[in-house]
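Structure, as structure tokens:
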Amino acid sequence: MNGFWETAKREISRIKSSRFMLVMIFVLPIFFSFIIWWTFSAGTVKDLPVAVLDLDNSDISRGITRAIDSTPSADIKYRVESYNQGYDLIKSGQAYAFIVFPQHFKKDLNRNNQPKIVFYYNNQTILIGGILSKDIQSAVITSMKAVDAQIRMKKGLPKDAVMQKVNLIRVDERVKSNPYMNYAYFLAFAAIAHIFQIFAVLFSVWTLGIEFKDGTTKEWLKTANDSIFNAVFGKLCVYLIIFTALILFTYFCYIVLYGSPFNGNIIFCILSTMLFILSYQLVGMMFVAITSNLRLSMSCGAFYTAMGLTFAGMTFPAMSMPAIGRFYSVLLPIRPYVNLIIDQAMKGFPIQYDLIYIYWITATGLLGLSTIGLLKKHACDEELWYQI
Amino acid sequence: MVSNIIKICKDELKLIFTDAGCLLVMVGAIFMYSIFYMMPFSNQATRDVPIGVIDNDRSAISREFIRDLDATEYVKIKNDFTDINEAKQEYYKNKIQAFIVIPKDFERDIKRGKPSFVSTYSDSAFMIIYKQVATAVATLATEFGAKIEVGTLMKKGVPKDKAIKLVMPFDFVQNPLYNPIGSYQNYIYPMVLIMLLQQTMIIGACMIGSTIREKLRGVRYREKDGSVKFYKLNSVTPYSNNPVEIVLGKAFAYSGLYYIYAMIYFLIFPSFVVYDMTYNIFPMVLILIPYLLSCAFFGQGLVYFCSKREVSFFILVSSSVPLIFLPGFVWPKEAIPAFLNFVSKFIPFEPAADGLIKINQMGASFSQVQKDFWILVGLCVIYFICACAAVKKMQSETTQNIEDM
């Protein structure tokens, strides 16, 4: 055990001696997590600029326009005179959508000619386009039902019966987890996990690989009483504690200060977070063990972690990826971890349903650990020093 | 002056292709990442989300409703449960993403013209999945209600097309522009390509710069033949001591190389990767010039903070995710705090992504993205000065070392 503590002490004094390293470890992950939160801090999308081309200009078209304007996501900011003006506003990013009421809209309505309202929206921005299209559609359908009711009432039907008839099937939505549709809640856990997995791998690679680059592996092993386990875990435990503490601190801020939901088991989440970081560190170790070259294993680590968020299946569901994508995502502990933390924090699942994710994360860690013998062999080989 | 710049530029290109680390980042990563990134989204969109259904009515109409729901592209009905606990078990096991409850007396109420409630139990932790379920049920509820109304009217002897017009007094036509099928690939992939250009160039440029800094301080490197050599450089480049010449020479090398990559990304890739491109060439080639140059200056400027060869990795790999949200295509600019919007303008990727996506995917003309162009030109000036400062710092370290000796 002595070698373990000596290695840990050696690592701590190395970190302390470099102000730059301190900033990288303690400030950067928190800073990037903060930037992500700040970007999405509004939580929901409100008052996106929309243009309207009203060629009818009747009380009905104005009424529908008002109904659209009063939806939370849309704001009728521009009234344009032609199609081209509308397109230009969308192309230049000033408006996200534009709505066209045809000429004689009201007249056609009264003649029962079923006139068309046309809605153009920018779907390059899928999320924004989707929100606008959903909200505006429901506003328009509600107005349509009101117009329908008016027409029927003119024919002498009682008002209540009319309203019932036009709303025959209603949807009672019981939304769990994130009922406010808050995007910051939605992305927070996955994005934070993404940032930290990068630091877990890169620092593991850095701290082990630098011994090769500086030609100090023998000195390092000597400090650890020639035990590779002491040597590796003495180093990694320092970063394990720091990063677990930092990631939990970030979650804490999200949950307590920002009000992100948390319905799970705290101890279980803390332990699985630790396991998550450790498992990534061991994968980092594997890169160094195989390449015994700092720069090359940095590149491997960067490649391995850079697409973590994508493959976590948060933004684009893993089930919709092609088989090869799903297979690759199995190799990344972030996928089971994000599922686990979302199940726990937002859905409040019972623990037993998430144990499978623990096995999954552990398996990846063990894969990394299995190369520790190779690392020892390479660490004793002076021929591998000073490589760039 | 010009001949020095050309010499430095040539030397730099040679360096990129002989330093294994740079080669991997500035050539390998450019292709590896871009090809790898085609993979996750190649199915374009999420379809057929598995859901469960609890039919408490078991009537002809409820069965028809379920059939219609299953027929939508959004969801797929996987199980038919008898009670809610059974459905919850499957939900916990992640076998179904949501479930729908059809009430008893669904058919009777509808036939009497009384509204009936269909309950959806969904969870919005995964927003895209939630949206598919919500859209499917909401759209179907409206359509189904209308269908029944039309049927009732037809029974009363109203002709079908007139009945439809009576139930739906006007039509609402949705026209999604630029990415009509709502493909995730079209949405994310172009942005990833633009970001790859910036991130790999900055890592590479910074790596080259900090390697020189290491060598100026004196460092041991192992040669290809296995022997260890002690390097101690006396100047940043043998061709010139003028920071302006050094910075320009290197910047032309990086941005020239990357100009070729950009052409491959935007002109050749779209023909074999499924992503839309307008081939709006003139504004694209124009805006790429200040974009790539500002990245080249930025990377050289960052050397100021990176004294070790590998350090730039940390900053650039972890900054990609926060950066991708800022140009306003993932999350609208209107919802991003104003200060963040302002600061993000100083990162070349932001104005470049704004301009290039409008040009390449939305067909904007140069005048519609002029603002982005001029911001990038401004960034070139700012980061050119930073890059010169970084070279000055490196030169001052050299002289310090000489005095030490």
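Couple of notes before you dig in:
- For A:VAL80, net neighbour charge (Lys/Arg +1, Asp/Glu -1) across residues whose Cβ lies under 11 Å away: -1
- Sorting the Cα pairs of region B:135-213 by distance into bins of 5 Å, from 0 upward, gives 3, 12, 11, 11, 9, 8, 7, 7, 6, 5, 5, 5, 4, 3, 3, 2, 1, 0 percent per bin.
- Counts of other chain beta carbons within 10 angstrom of each beta carbon in peptide A:296-305 average 5.
- Per-residue shielding of B:139-148, expressed as the average number of other chain Cβ atoms within 10 Å of the residue Cβ, stands at 4.
- Helix B:281-302 and the longest principal axis of the Cα set of chain B meet at an angle near 60°.
- Look at the stretch B:3-10: the mean tally of other chain Cβ atoms within 10 Å of its residues' Cβ atoms is 0.
- Within a Gaussian network of chain B (alpha carbon springs, distance under 10 Å), most fluctuating of B:MET201, B:MET39, B:MET263: B:MET39
- Built amide H within the under 5 Å cut-off of A:SER260, gap 5+: A:ILE255
- For chain B, the longest principal axis of the C-alpha atoms and the axis of helix B:2-18 are separated by about 60°.
- Cα-based radius of gyration for region B:49-167, normalised by 2.2 N^0.38 Å, reads 1.15.
- A:SER370 sits among other residues whose Cβ lies under 15 Å from its own Cβ, and their net charge, with Lys and Arg +1 and Asp and Glu -1, is +2.
- The shape of the protein assembly as shown comes out oblate: with a ≥ b ≥ c from the C-alpha gyration tensor, a/c is at least 1.5 while a/b does not beat b/c.
- Legend: distances between Cα atoms for B:LYS10/B:LYS392; A:LYS235/B:LYS250; A:LYS91/A:LYS347; B:LYS131/B:LYS333; pairs beyond 28 Å are A:LYS235/B:LYS250; A:LYS91/A:LYS347.
- Taking B:ILE359, B:ILE51, B:ILE347 in turn, the Gaussian network model of chain B (Cα-Cα springs below 10 Å) assigns the largest fluctuation to B:ILE51.
- Only helical runs count toward this figure. For chain A, summing -39,500 (n - 2.57) over DSSP H runs of n ≥ 4 and dividing by all residues gives -20000 deg cm²/dmol at 222 nm.
- Over all orientations, chain A has a Cα convex hull whose mean projected area works out to 25.2 square nanometres.
- Of all complete DSSP H helices in chain A, those with a Cα span along the helix axis of 30 Å or greater and a mean Kyte-Doolittle hydropathy of -0.5 or more are A:126-154, A:183-213, A:228-252, A:266-291.
- If you run the Gaussian network model on chain A, springs between alpha carbon atoms under 10 Å, then out of A:ILE247, A:ILE12, A:ILE141 the most flexible one is A:ILE141.
- On the beta carbon distance between A:GLU382 and B:LYS229, with R0 = 22 Å, the FRET formula returns roughly 0.90.
- Packing-based order for B:266-272, A:271-277, using average beta carbon neighbours within 10 Å, highest first: A:271-277, B:266-272
Laboratory data are not the source of any read-out in this text; all were calculated from the coordinates shown. What you see is a predicted model, and the numbers here were worked out from it, not measured in a lab. We place every Cβ from the backbone using ideal geometry, glycine too, and count neighbours over all the protein chains shown.
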